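Take a look at the following structure, please.
The values are calculated or read from the model by the stated rules, or taken from the named source; none is laboratory data. Not measured: the values here are computed from a predicted model. In this analysis, Cβ positions are derived from the backbone assuming ideal geometry, glycine residues included, and neighbour counts consider all displayed protein chains. With ligands, DNA and RNA removed, areas are computed over all heavy atoms of the protein, side chains included. Shrake-Rupley method; radii C 1.70, N 1.55, O 1.52, S 1.80 Å.
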Amino acid sequence: MNVQTAIRADKAELLRLAREEAYATPLKDFHPGAPKLFQDDTLWPWFERLRKEEPVHYCTNAPIEPYWSVTKYNDIMHVDTNHGIFSSDVSLGGISIRDVPVGYDWPSFIAMDQPRHSAQRKTVSPMFTPTHLDELAKLIRERSIKVLDNLPRNETFNFVDRVSIELTTQMLATLFDFPWEERRKLTRWSDVSTALPKSGIVESAEQRRAEMDECAAYFGKLWNERVNAPPRNDLLSMMAHSDATRHMDSDNLMGNLILLIVGGNDTTRNTMSGSVLALNEHPDQYQKLRDNPELIDSMVPEVIRWQTPLAHMRRTALVDTEIGDKKIKKGDRVVMWYVSGNRDEEGIEKPDEFIIDRARPRTHLSFGFGIHRCVGMRLAELQLKIVWQEMLKRFDRIEVVGEPKRVYSSFVRGIESLPVRITA
Ligand code: HEM
């Protein structure tokens with residue numbers, strides 16, 4: 001039995017057990033946001049049952065505050081596109097299932113409502129226009145080539161560290177015009193900003209605070225340099241020279257920086273790793289791609305659906321309202337499970353199949369909808385497209401040779417390590 005076949009057999013058994021448990025558990029005891037389900041990748045039968053039997057579900061028995069789960073494609077669209085009813089505001093709890101803990105509540109425009117949200121978003125959106133992305137494409141290709149050409153052959157290595165983290169960190173450093181040699185600081189701050197004490201990333205709240213203070217001081221210095229220099233084409237300079245953001249207080253600046261660092265880092269990183277994994281898990285699709293590299297254009301959005309790097313976004317109801325047949329009260333937490341909507345036949349044909357040449361691959365929910373729809377989505381797609389073009393040119397196969405280690409989180413659907421081997 002080869003490695004992939006063995007991994008597939010183990011996974012099938014794990015899923016069979018998860019299915020038994022999901023269908024034996026009373027719906028009133030469901031806690032679909034339990035991070036363990038995401039770490040083990042056993043979330044699927046739980047969400048499948050919710051979509052079928054109680055698509056809008058209220059969880060009251062979790063170790064976190066009660067929350068609604070919205071699991072069907074059209075209901076998710078309803079919540080995401082009605083920002084007058086469902087708020088993202090950090091002061092009401094923010095955008096993830098757990099209310100933002102004290103000390104993590106820097107205001108950023110993803111966790112703001114109108115009109116402040118749009119004014120701040122407009123400041124950074126020129127970074128992601130088609131013309132600017134065309135300019136970035138050349139740089140992304142050069143850097144991807146360098147990273148790929150330096151990979152070892154006939155030797156097992158961690159794809160996440162050597163490729164996904166390296167390339168997304170390089171991109172971030174470019175977007176901020178951040179000192180190149182120190183760019184791994186960005187990766188560290190991205191991880192630390194969302195880490196809970198004893199998560200393996202930081203030991204204590206004090207350690208996290210100290211590292212975030214270092215981040216604030218570092219960016220404070222860069223900010224002062226950019227404010228006093230003529231406007232340039234980097235995110236920091238764009239914010240430093242715009243009326244909507246020039247006078248942000250230091251917490252708002254920190255919030256937007258963390259948003260852009262985490263937004264541009266974890267998500268694309270995890271999709272890159274997820275793409276290698278998905279193609280290994282579906283060798284027929286990998287072969288199809290090798291036979292016809294043009295399929296990269298539809299493979300990229302399909303992999304973004306398949307991975308769903310942000311499993312959910314959360315809102316808080318501003319008024320009493322209804323979703324489906326459920327009555328939602330003002331102040332209730334409402335979690336939109338993109339990861340479930342992306343597996344709903346209501347919105348996606350054959351949703352449980354990974355098909356790299358789908359007719360309409362962009363109908364997925366992974367970038368959200370409505371006014372907060374991901375501002376960096378075209379950049380993410382571009383990065384993934386280029387890295388795959390260059391990988392297909394160089395390597396016949398990138399073979400996954402061990403189990404992926406997944407992140408303990410029901411927000412970031414991530415892969416911590418992925419052992420791979422490239423045969424010379
Ligand atoms: C595959 C990669 C990515 C995925 C899956 C993703 C996903 C998302 C999602 C789900 C949202 C919230 C949508 C909503 O609430 O309706 C979002 C917002 C955002 N993303 Fe991304 N993202 C990705 C890449 C990026 C990149 C590369 C950047 C920037 C460099 C970025 C920056 C942002 C920002 C700034 C927001 C806030 C937009 C707003 O509130 O108006 N993202 N993203």
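Go through segment 394-424 and give me each residue that's open to solvent by less than 30 Å² (accessible area, probe 1.4 Å) and of a type in the set (S, T, N, Q).
SER409, SER410
Still on this structure: Can you name the condition, by its number, that LEU136 falls short on among (1) within 14 Å of the ligand (Cβ to nearest atom); (2) in contact with a Lys or Arg (Cβ under 7 Å, 6 or more places away or on another chain)?
With (1) within 14 Å of the ligand (Cβ to nearest atom); (2) in contact with a Lys or Arg (Cβ under 7 Å, 6 or more places away or on another chain) applied to LEU136, the lone miss is (2).
A follow-up question, please. So, ILE356, is that one over 30 Å from ARG8 (Cα atoms) and not acidic (Asp, Glu) or not? If you could, list the steps in order and put the result at the bottom.
Values: over 30 Å from ARG8 (Cα atoms): no; not acidic (Asp, Glu): yes.
So ILE356 fails the test.
Still on this structure: Quick check on my filter: what residues within segment 15-56 are charged (D, E, K, R) and assigned to a helix (DSSP H, G or I)? Walk me through how you get there before you give the answer.
Residues of segment 15-56 that are charged (D, E, K, R), as a first pass: 16, 19-21, 28-29, 36, 40-41, 48-49, 51-54.
Across segment 15-56, the qualifying residues are ARG16, ARG19, GLU20, GLU21, LYS28, ASP29, LYS36, GLU48, ARG49, ARG51, LYS52, GLU53.
Considering each residue of segment 237-247, count those that are without any contact (Cβ under 8 Å) to a residue 40 or more places away in the chain and under 23 Å from THR174 (Cβ atoms), and give that number. Even if it seems obvious, please write down each step before you answer.
Of all residues in segment 237-247, those without any contact (Cβ under 8 Å) to a residue 40 or more places away in the chain come to 240-241, 243, 246-247.
Right, trim to under 23 Å from THR174 (Cβ atoms) and you get 240-241, 246.
Total meeting the criteria: 3.
Something else now. Out of the residues in segment 177-219 that are in a helix (DSSP H, G or I) and among the acidic types (Asp, Glu), state the one that is nearest to LEU148 (Cα to Cα).
Step one: list which residues in segment 177-219 are in a helix (DSSP H, G or I), which gives 180-182, 184-193, 205-219.
Now narrow it down to the ones that are among the acidic types (Asp, Glu): 181-182, 191, 206, 211, 213-214.
Details: GLU181: 19, GLU182: 21, ASP191: 24, GLU206: 38, GLU211: 31, ASP213: 34, GLU214: 32 Å.
Selected residue: GLU181.
Show the residue pairs meeting these rules: Cβ distance below 7 Å; 6+ apart or different chains; first residue within segment 363-387 and under 18 Å from ASN265 (Cβ atoms) and of a type in the set (Ser, Thr, Tyr); second residue modelled with pLDDT under 95 and surrounded by fewer than 18 Cβ atoms within 10 Å (Cβ to Cβ).
Sorted first by the residue in segment 363-387, then by its partner, the list stays empty.
Conditions (1) modelled with pLDDT under 90; (2) hydrophobic (A, V, I, L, M, F, W, C); (3) under 24 Å from ASN270 (Cβ atoms), marked per residue:
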site	(1), (2), (3)
GLU181	no, no, no
TRP189	no, yes, yes
ALA195	yes, yes, yes
SER199	yes, no, yes
VAL202	yes, yes, yes
ALA205	yes, yes, no
ARG209	yes, no, no
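Can you work out which of the residues in segment 362-381 that are part of a loop (DSSP other than H, G, I, E, B) and near the ligand (Cβ under 7 Å from one of its atoms) is nearest to GLY414 (Cα to Cα)? Give the steps one after another, and end with the answer.
Step one: of segment 362-381, the residues part of a loop (DSSP other than H, G, I, E, B) are 364-369, 373-376.
Keeping just the survivors that are near the ligand (Cβ under 7 Å from one of its atoms) gives 366-369, 373-376.
Values: SER366: 13, PHE367: 15, GLY368: 17, PHE369: 21, ARG373: 20, CYS374: 18, VAL375: 20, GLY376: 18 Å.
For segment 362-381, the residue satisfying everything is SER366.
Considering only residues that are more than 17 Å from ILE304 (Cα to Cα) and out of contact with any His (no Cβ under 9 Å at 6 or more places or on another chain), which ones fall in segment 346-371?
Across segment 346-371, the qualifying residue is only GLU346.
So the check is Cβ under 6 Å with 6+ separation or different chains; which pairs have a first residue in segment 64-78 that's of a type in the set (Val, Ile, Thr) and a second one that's in a helix (DSSP H, G or I)?
From segment 64-78, the pairs are VAL70/ILE76; VAL70/VAL79; THR71/PHE47; THR71/LEU50; THR71/ARG51; THR71/SER340; ILE76/GLY341.
Restricting to segment 109-121, give me the number of residues that are farther than 27 Å from PRO32 by Cα and small (Gly, Ala, Ser).
2
If you don't mind, there's one more thing I want to ask. So which strands (runs of 3 or more DSSP E) are wholly in segment 248-347 and hold at least 2 residues that are surrounded by fewer than 19 Cβ atoms within 10 Å (Cβ to Cβ) and more than 11 Å from the ligand (Cβ to nearest atom)? I'd like the intermediate steps shown before the answer.
On the way: elements: 312-317, 321-323, 326-328, 333-337.
Filter on segment 248-347 gives 321-323, 326-328.
Same structure again: Look at segment 91-134 and say how many of its residues are over 22 Å from ASP234 (Cβ atoms) and of a type in the set (Val, Ile, Thr).
The number of residues fulfilling the criteria is 4.
When only residues in segment 213-241 that are within 16 Å of the ligand (Cβ to nearest atom) and more than 23 Å from VAL90 (Cα to Cα) count, which is surrounded by the fewest Cβ atoms within 10 Å (Cβ to Cβ)?
Let us first name the residues in segment 213-241 that are within 16 Å of the ligand (Cβ to nearest atom), namely 219, 233-239.
Now restrict to residues that are more than 23 Å from VAL90 (Cα to Cα): 233-234, 237-238.
On the way: ASN233: 13, ASP234: 18, SER237: 20, MET238: 19.
Applying the filter and picking the extreme gives ASN233.
Looking at (1) open to solvent by 10 Å² or more (accessible area, probe 1.4 Å); (2) within 30 Å of THR174 (Cβ to Cβ), which is the one condition that is false for ILE355?
Here ILE355 clears every test but (2).
Exactly one of (1) open to solvent by less than 40 Å² (accessible area, probe 1.4 Å); (2) in a loop (DSSP other than H, G, I, E, B) is unmet by LEU384. Its number?
(2)
Quick one: ALA359 ticks every box in (1) modelled with pLDDT under 95; (2) in a helix (DSSP H, G or I) bar one, so which box is it?
ALA359 satisfies all of (1) modelled with pLDDT under 95; (2) in a helix (DSSP H, G or I) except (2).
Is it true that some residue in segment 113-121 is under 19 Å from the mean Cα position of the chain (by Cα) and modelled with pLDDT under 95?
Filtering segment 113-121 for residues under 19 Å from the mean Cα position of the chain (by Cα) gives 121.
Those still in the list that are modelled with pLDDT under 95 too: 121.
Yes, segment 113-121 contains at least one residue that is under 19 Å from the mean Cα position of the chain (by Cα) and modelled with pLDDT under 95.
Evaluate segment 386-393: report whether one residue or more is within 13 Å of the chain's Cα centre (by Cα) and of a type outside the set (A, V, I, L, M, F, W, C).
So far as segment 386-393 goes, no, none of its residues is within 13 Å of the chain's Cα centre (by Cα) and of a type outside the set (A, V, I, L, M, F, W, C).
Starting from residues that are assigned to a helix (DSSP H, G or I) and of a type in the set (A, V, I, L, M), keep the ones in segment 221-247 and report whichever is nearest to GLY376 (Cα to Cα). Spell out the reasoning first.
Looking only at segment 221-247, we keep the residues that are assigned to a helix (DSSP H, G or I), and these are 221-227, 235-240.
With of a type in the set (A, V, I, L, M) added as a condition, the list becomes 222, 227, 235-236, 238-240.
Details: LEU222: 22, VAL227: 24, LEU235: 12, LEU236: 15, MET238: 15, MET239: 16, ALA240: 19 Å.
Of everything passing the filter in segment 221-247, LEU235 is nearest to GLY376 (Cα to Cα).
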